[in-house]
Amino acid sequence: MNVEATGLAQTAFTGRKKLSFKSVLREAGIGLALVALVIIFSVTTEHFLTANNITNILTQVTINLVLAVGMTFVILIGGIDLSVGSLLALCAVVAGKAISLDVGVPMAISLAVLAAVLAGTVCGLLNGAISAFWALPSFIITLGMLNVARGAALHISDARTIYSFPSEFNAFGSMTLYGIPVVFLVALMLALLAWFVLTRTVFGRLLYGLGNSEEAVRLAGHSVFWCKVAAFTICGFTAGIAAIIYMARLNISSPIAGVGFELNAIAAVIIGGTSLSGGRGSVLGTLLGAFIIGVLANGLILLGLSDFMRQMITGVVIIVAVILDHYRAKYTRN
Amino acid sequence: MDIVQTREASQGQTDNQETLQDISPDILTVRDLHKNFGGVKALKGVSLSLRAGEVHALVGENGAGKSTLIKILTGVFQPSAGDILLDGQVYKPAGPRDAKFRGIQVVHQEFNLLPHLSVAENISFEQMPRTRLGLLDKKEMDRRARVALDAIGLQDVDVNARVYSLGIAHRQLIEIARALQSDSRILILDEPTATLTDRETDRLFNIVAAIRAQGVTVVFVSHHLNEVFANCDRVTVLRSGETIVTEEISETSPDQLVALMVGRRLAKEMALEKTTTELGSVALSLQNFRVAKSPYEEGVSFDLRYGEILGIAGLVGAGRTELLRGIFGIDPVASGQMMREGTPVSFASPREAIKSGIGFVTEDRKDEGLILDMAIAANVALAALEKVSQKGLLNRLAELSLADRLGSMLKLKSGGLSDRAASLSGGNQQKVVIAKWLARDPSVLLLDEPTRGVDVGAKAEIYAIMRSLAQKGVAMLVVSSELPELITLCDRILVLSDHRVQGEIPREAFSEEAILRLAYQRKDQGI
């Protein structure tokens with residue numbers, strides 16, 4: 001028994017070693033690219049590697065990271081969620097209404113957070129339920145939701161920006177801990193939680209399975225429908241969290257917030273090595289992907305490049321990342 | 001001719017060109033071919049010659065190098081060493097297109113059809129006919145497709161049908177029609193009959209005989225030795241990347257070939273027949289069970305007992321797979337009743353069927369049975385995740401130990417349980433699928449073509465597994481197109497035709513003729 005157990009533990013150990021070697025290889029590429037970017041910007045600009053700027057980058061990465069973590073769930077099952085940018089606006093507007101209620105500051109803030117998260121979660125659930133129930137492409141359903149949510153945000157807010165939140169709420173947005181923005185720590189916790197769910201739970205296992213072969217998962221007796229719904233619901237939930245962070249940072253909630261955020265989130269996931277056809281990828285990759293986009297944006301500003309140039313370069317980076325991933329996937333497979 | 005590109009090739013050429021042209025009727029000669037993939041030696045000395053107008057069988061276990069050899073012949077891979085002469089000239093195809101241009105065609109084991117295009121578009125896909133204006137000539141395309149289909153006896157297939165709407169057997173035949181369309185000198189059929197029933201196989205061999213009469217050389221890769229002996233002129237045995245022997249069919253026997261293929265290992269298991277065990281109580285019983293596609297009210301009725309292996313025979317389209325899918329709750333049931341241990345049940349989803357102790361080894365291993373990109377251990381645990389988790393949290397050690405236990409029970413050969421399922425050979429993949437269900441200790445197991453695309457050695461092992469399961473009292477329903485398989489394994493065989501039971505054959509009366517006679521019959525329902 002003892003011998004057997006050790007043997008098994010060894011298999012488990014070597015198994016993990018092998019797996020992590022491959023996954024290291026998978027993420028190493030992105031990690032190296034990130035390191036290269038950091039070195040380039042440290043050398044070419046004066047202010048890149050300063051405490052202030054690092055705090056800046058972390059703050060700028062935060063919202064995209066939160067959205068990208070949710071997006072990872074959806075892309076892993078071979079779906080896509082185009083609605084998160086609009087959902088962010090809708091959640092922010094709903095929360096803005098709630099926070100303006102005259103019920104005392106702690107209550108108003110709690111209501112706002114609850115409202116944002118609830119709105120995001122419900123919309124995500126709708127995305128998932130509709131596309132899973134009728135087996136429709138999530139691209140189309142979430143494109144519809146993109147318009148619905150944006151319209152709803154404009155309608156509820158009367159197309160007006162909501163200002164003047166309680167100062168306690170704003171303080172949360174700018175609070176730092178040893179120079180690290182608290183909102184970033186929230187995003188990081190979320191990423192950690194997502195990593196745990198995807199790698200250590202039955203649900204996470206089924207999501208990877210779904211992305212590879214829906215039929216195999218169904219025939220193994222699992223409910224494909226609820227897995228899909230859950231993935232989209234999680235994505236909507238992260239849009240709610242992102243909305244709260246957005247409000248706390250900018251002290252406004254605007255119905256035109258978050259335009260195009262979904263594309264940045266998708267880009268972070270894809271740069272992070274998650275396959276658009278599903279079944280392959282990781283939250284660690286997404287984290288690195290979000291950082292690449294954030295560092296690139298920050299560094300290019302410091303270099304004094306124009307908005308237009310930055311946009312072009314970011315686009316090129318996305319394309320190059322996907323090409324590199326193609327070769328990396330080939331290599332790690334053999 | 002190209003100036004020879006490598007030294008090996010030039011030696012081969014100077015040595016052989018003249019003699020070959022003068023005395024040998026060989027159309028193609030492969031000499032000492034090697035192919036390495038990284039450190040793996042897929043081919044380590046394959047030699048082969050093909051005569052014009054012969055049907056040449058290529059046999060060997062999975063992993064023996066047949067696919068690699070075919071891929072080199074068709075220009076997909078370049079050999080690491082060795083040379084190939086086509087008509088006495090060095091043949092080094094730059095790619096599949098070049099190989100086709102030189103007249104070497106292959107019909108692959110995996111399907112290469114475009115599911116959403118029509119049959120006609122698929123058949124003409126390599127060379128679309130054009131009108132004088134350069135537009136697609138649809139009439140001509142349809143006409144060519146009609147001719148190609150008629151030539152292989154597929155009069156019943158509409159050229160405008162979308163390929164996805166056709167069954168797997170028809171798709172295979174359409175691939176053959178496509179390959180035969182262009183002028184072939186050498187036609188390679190890579191396990192063409194794996195998915196075909198006997199009637200379609202006969203049809204295929206009639207076609208093979210016809211094209212051979214036109215002087216085309218046919219290379220026939222198959223696990224089915226009876227087909228090899230019935231239709232081929234010569235046979236070459238490959239084992240572990242080497243040519244073992246090339247023999248005239250008349251000078252060898254199936255037993256001898258099997259012995260050569262597996263080397264020293266003797267496939268005794270193959271000869272073993274199921275020892276009749278005491279049958280238990282009725283595990284599953286169907287009464288007038290009908291799936292949506294079934295045209296007749298009477299449907300299917302039978303009792304399956306614990307410890308029994310019940311075979312389901314029938315032609316493609318007889319409703320065998322549909323029956324299993326209906327039982328397992330994948331497709332809706334139109335009418336009739338199903339009883340599980342005497343209690344009426346109806347499964348709305350596979351989930352419910354699984355809960356009642358049923359497992360389903362599907363025909364399509366790659367899409368339905370396995371998640372190829374996932375670890376072997378994860379695949380084994382896929383249907384029994386609650387056994388390797390607590391409150392939704394996975395216990396990886398438990399998962400590995402489950403996979404380890406079942407893997408050693410089924411003699412699974414793998415590099416490691418954390419390797420991807422795709423890294424396994426066909427036979428071992430099938431063992432993983434079986435392990436996935438055994439992880440749940442099912443009391444009823446449905447198996448659809450359990451040894452499709454599996455080599456001789458693994459096949460014997462899978463038979464042994466099934467027999468030992470029967471001894472433990474598991475009730476099994478086995479669909480197979482290989483009659484010897486059913487005859488070896490089963491206690492009883494039901495023959496289906498048109499979604500109805502055409503007849504039942506008890507073990508004492510088993511014979512291929514008896515099964516075929518029933519399969520080809522149609523009930524006279526006063527139509």
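Which longest uninterrupted range of chain B lacks any chymotrypsin sites (Phe, Trp or Tyr not before Pro) assigned by DSSP to a loop state (not H, G, I, E or B) and surrounded by at most 15 other Cβ atoms within 10 Å?
B:297-527
Roughly how crowded by other chains is peptide B:366-374, in terms of the mean Cβ count from those chains within 10 Å of each of its Cβ atoms?
Mean number of neighbouring Cβ atoms from other chains: 6.
For all pairs of alpha-carbon atoms in region A:26-333, what percent lies in each bin of width 20 Å, listed from the first bin to the last filled one?
34, 57, 9
Across the Cα atoms of region B:326-407, what radius of gyration and what greatest pairwise Cα-Cα distance (Dmax) are found, in Å?
Every Cα atom of region B:326-407 included, Rg and Dmax give 15.2, 45 Å.
Could you tell me which trypsin sites (Lys or Arg not before Pro) in region B:420-516 are loop residues by DSSP with no more than 12 other beta carbons within 10 angstrom of their beta carbon?
Passing both the DSSP loop test and the Cβ count: B:Lys472.
Loop-only check: which trypsin sites (Lys or Arg not before Pro) in region B:111-186 are DSSP coil with at most 11 other Cβ within 10 angstrom?
Sites meeting the loop and neighbour criteria: B:Arg132.
Distance between the C-alpha centers of region B:325-388 and region A:92-119? Whole Å please.
A separation of 47 Å, based on Cα centres.
Over the alpha-carbon set of region B:271-520, divide Rg by the Kirkwood Rh and report the Rg/Rh ratio to two decimals.
Result for region B:271-520 is an Rg/Rh of 0.96.
Say the dipole of the protein assembly as shown comes from +1 at the beta carbon of Lys and Arg and -1 at that of Asp and Glu; which of A:Leu114, B:Gly416, B:Ser253 then lies farthest toward its positive end?
A:Leu114
What are the semi-axes of the equivalent ellipsoid for the protein assembly as shown, taken as the square roots of 5 times the Cα gyration tensor eigenvalues, largest first, in whole Å?
Working from the Cα gyration tensor, I get semi-axes of 54, 35, 27 Å.
At 1.306 mPa s and 10 °C, plugging the Kirkwood radius over alpha-carbon pairs of chain B into Stokes-Einstein gives what diffusion coefficient in µm²/s?
Calculated translational D: 64 µm²/s.
Helix B:426-438 versus the longest principal axis of chain B: what is the Cα-based angle in degrees, 0 to 90, to the nearest 10?
It is inclined by approximately 10 degrees.
So if I take the centroid of the Cα atoms in region B:140-210 and the same for region A:257-334, what is the distance between those two points in Å?
Going from one Cα centre to the other spans 46 Å.
Where a ≥ b ≥ c are the square roots of the eigenvalues of the C-alpha gyration tensor, would you call region B:346-484 rounded, which needs a/c under 1.5, or, failing that, prolate if a/b is larger than b/c, or oblate?
Oblate, since a/c reaches 1.5 and b/c is not below a/b.
Loop by DSSP (not H, G, I, E, B), at most 15 other beta-carbon atoms within 10 Å: where is the longest site-free stretch of chain A for chymotrypsin sites (Phe, Trp or Tyr not before Pro)?
Here the longest segment lacking exposed loop sites spans A:179-334.
Any read-out appearing in this document is the output of simple, stated calculations on the displayed coordinates, not a laboratory observation. Quick caveat, the model's predicted, so the values are computed rather than measured. Cβ sites come from the backbone with ideal geometry, for glycine too, and all protein chains shown count toward neighbours.
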